[in-house]
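J.: Have a look at the structure that comes next, please.
The values are calculated or read from the model by the stated rules, or taken from the named source; none is laboratory data. Source: prediction; values computed, not measured. Counting neighbours? That spans all protein chains shown, and the Cβs are built from the backbone with ideal geometry, glycine included.
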Amino acid sequence: MSYLGPLRLHFSGRFQTDPSTVNNDVRHYNNATFEPRFQEPQDDELANGWWNPDGMGNFRLVGCRVTMVSYADGKTSKRDPAVGMWIIDANQRVAGKLVDLDPQQQLVSQIWGMIVRLTDRKHEYFSGAYAKAPFTDIWWGRAKKSGSQGDTGAGSMYQSVIGPIAWGDTKRSRFLRELRAAAPDGFLSIKFNLDGYNMSPDSASFTMGRLVGTIGPWSANEPKHFVIGRQLLPQIANHTPAGSMNFMQAVVDEKTKRIYADFGNALPTTTPGGPLMPIGTLDLGYLDRHNNFHSIGKVDYRQRDWYPTTAGIQKFPRNRKLSRAEMAALKKYRVAVTQNEEVIVQENTNGWYQRADQFVFRLNPDEKTDVHFWATQYGKALAGAKLLIFFDSSGLQPGGNAKDGMGIPPKFGIPESALKFDRIIKTGADGRATLTLSAFSPKSPRGYIDGQVYGIRYLITDVAKAVKDNPAFGFNPSDFLSVLVYDTFRPEPPVTWTNLVPIFQQYGNLYPIMDGIIDFTSYDSVVANAHLLAFAFGLPVEDPNHMPVTRDLSRDKTKAILSWLTTPGADGKPLPGTGAPPEIATLPWEFAEHAAELAEHAISVGATPQAGAKSFAIHTRMGIHLPDDLD
């Protein structure tokens, strides 16, 4: 079970998120070279603090309503009492927070602390916490017509779970009764697509965009952040689709004998947040052993209001069940979509797929975490699959242009000794495998920014060999692990203001919206707000009021701050300390050649900070780095 099946609701509306963009350039973390202009909006000449320096990092659902439901038998309805209800976020606390992992990994922005509720404004029918998840499958060129460059023309998707679910009265809605019965583990599956983000400060809809989504049941024996099903891949170039369709998921449902396919983040639009772009006739079907295509049905994407009503999900065939021959063929042949009779997206060779469920991690020195992988073939568990695990920082970003006179960005992914893991793991009979990541202090390789960020790629060994021969097909560039490993921070006790000045100053630099509340460079201002700060720093990291907003403060630094705030001296105030604050470490390596190479690449494809943080980040990535020895 998941959102992608017969039992589901669709909703449509908008979202609003206003991240602070001062931290989009890693060099803004350097207190020693920080300039006041970095807190000012960008202009035609200077990037300054990029396009939204006063952002607060909120993420909200705006005006989202249920557009259609589909029952367990696959029949759809626009008259069920659930249709027209609101999908909204919290009503008794602040909204969720949108958080980047690191300024050198801005392409896995996570939503933290969000609540999702179904209500008619009088009664609540279900509610639950959204399990933090990053976006994936970002498509920077989804909007195809002029005026749609940068983040504004991009699309992406989030998939996670909601729960534990608190249910209200579901008696009067057949759909809600069936949904509740199908979710005995107490969780629901949710997936939503974002596009049409407005980055114009003069617009009434600034920091808003379009959202369409789907909710269905979830069970504890399936992943939270993707669907065990059929994964369709396009040809890629520069980490993005080379053609007119993006990555997508489908499921062959043996009970209803239908294919449920999700085109929600896979079809281009004419303008940002606008109608789907006509790209000809699309058919879904399968490729036989000779690569001949057999259509099972046409995609209805050109029907009026199809996208907001269905969130891009369609069942195939529409008015009949799959035949016995079709069901047999789908067990051994690849699902594909054709555009005007030419294959545009298809499953990988032999139907192979590999995916880590959670793929973003924050680790302190001496911490370990388990990464759970799934391998499938034609949508079924692939037992005994060997997964190759290797460092690959090609999906990370330098965070600045070496030619802008602001200095050289630090290098990521080093030293590799700070992160240990097995290089080969094998799936069990259920197609699952677990990888343990063990973290050690990287010892400040980036100087002025805590810790180090790493990329780790994973591929079935046979897939890796195929990708080596044809890097334009066979894998999803978004499918890799992003890991932030913090440095050790252990000041001599007792902790004083002197020890913590660089930390508070850095946060104040990066979040100018706080200037009207607290001056983080002032001992007196921070002490005057000590009780408030101790409360915010002491909240669980999942809480939307947790501080800092970025979730990039290590365990050691958080403990030190809380110790200082809650351990007063003889005058009843936190200890001021003596002497000068510790100097910021300088970069231990020379990165000019590396940074210049990345800068040239970014300039060559026309990417600029003015076009948006995500699109600039995408265009500064390099090609995948496969190990030389794949055996």
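J.: Considering only residues that are of a type in the set (S, T, Y), more than 27 Å from the chain's Cα centre (by Cα) and part of a helix (DSSP H, G or I), look in segment 485-527 and name the one that is farthest from G413 (Cα to Cα).
T.: Checking each candidate, the answer is S525.
J.: Next question, about the same structure. Sort out which residues of segment 39-86 are touching a residue at least 60 places away in the same chain (Cβ under 8 Å), touching a Phe, Trp or Tyr at 6+ places or on another chain (Cβ under 7 Å) and not assigned by TED's automatic domain parsing to the domain that holds W306, and write them in order of number.
T.: Within segment 39-86, P41, Q42, G49 meet the criteria.
J.: Within segment 158-179, work out how many residues are without any contact (Cβ under 8 Å) to a residue 60 or more places away in the chain and more than 21 Å from I313 (Cβ to Cβ).
T.: Residues flagged as without any contact (Cβ under 8 Å) to a residue 60 or more places away in the chain and more than 21 Å from I313 (Cβ to Cβ) within segment 158-179 amount to 10.
Okay, residues lined up against (1) among the β-branched types (V, I, T); (2) farther than 20 Å from V69 by Cα; (3) crowded, with 18+ Cβ neighbours inside 10 Å:
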position	(1), (2), (3)
R289	no, yes, no
S295	no, yes, no
V299	yes, no, yes
D305	no, no, no
Q314	no, no, yes
R320	no, no, no
S323	no, yes, no
A329	no, yes, yes
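J.: Then there is this: Can you tell me which residue within segment 222-244, out of those that are assigned to a strand (DSSP E or B) and in contact with a Pro (Cβ under 7 Å, 6 or more places away or on another chain), is surrounded by the fewest Cβ atoms within 10 Å (Cβ to Cβ)?
T.: Checking each candidate, the answer is I236.
J.: When you go through (1) over 23 Å from T310 (Cα atoms); (2) of a type in the set (F, W, Y); (3) under 26 Å from the mean Cα position of the chain (by Cα) one by one for W167, which number turns out not to apply?
T.: Tallying (1) over 23 Å from T310 (Cα atoms); (2) of a type in the set (F, W, Y); (3) under 26 Å from the mean Cα position of the chain (by Cα), W167 fails exactly one: (3).
J.: If I filter segment 343-356 for residues that are basic (K, R), within 27 Å of the chain's Cα centre (by Cα) and closer than 30 Å to G84 by Cβ, do I get at least one hit?
T.: No, every residue in segment 343-356 fails to be basic (K, R), within 27 Å of the chain's Cα centre (by Cα) and closer than 30 Å to G84 by Cβ.
J.: Scanning segment 535-565 for residues that are in contact with a helix residue (DSSP H, G or I) (Cβ under 9 Å, 6 or more places away or on another chain) and at pLDDT 95 or above, which turns out farthest from R490 (Cα to Cα)?
T.: Applying the filter and picking the extreme gives L565.
This table checks each residue for (1) within 18 Å of V345 (Cβ to Cβ); (2) in a loop (DSSP other than H, G, I, E, B); (3) out of contact with any strand residue (DSSP E or B) (no Cβ under 8 Å at 6 or more places or on another chain); (4) at pLDDT below 95.
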site	(1), (2), (3), (4)
A266	yes, yes, no, no
D283	yes, no, no, no
R289	no, yes, yes, no
Y307	yes, no, no, no
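J.: Still on this model: Could we say that T376 is in contact with a strand residue (DSSP E or B) (Cβ under 9 Å, 6 or more places away or on another chain), under 28 Å from K75 (Cβ atoms) and of a type in the set (S, T, N, Q) here?
T.: Spelling it out, it is not the case that T376 is in contact with a strand residue (DSSP E or B) (Cβ under 9 Å, 6 or more places away or on another chain), under 28 Å from K75 (Cβ atoms) and of a type in the set (S, T, N, Q).
J.: Against the condition surrounded by fewer than 21 Cβ atoms within 10 Å (Cβ to Cβ), in the same structural domain as Q159 (by TED's automatic domain parsing) and assigned to a strand (DSSP E or B), how does V335 come out, does it pass?
T.: Answer is no for this residue.
J.: If the requirement is being surrounded by fewer than 21 Cβ atoms within 10 Å (Cβ to Cβ) and more than 28 Å from T338 (Cα to Cα), which of these qualifies: S160, S219, S189?
T.: S219
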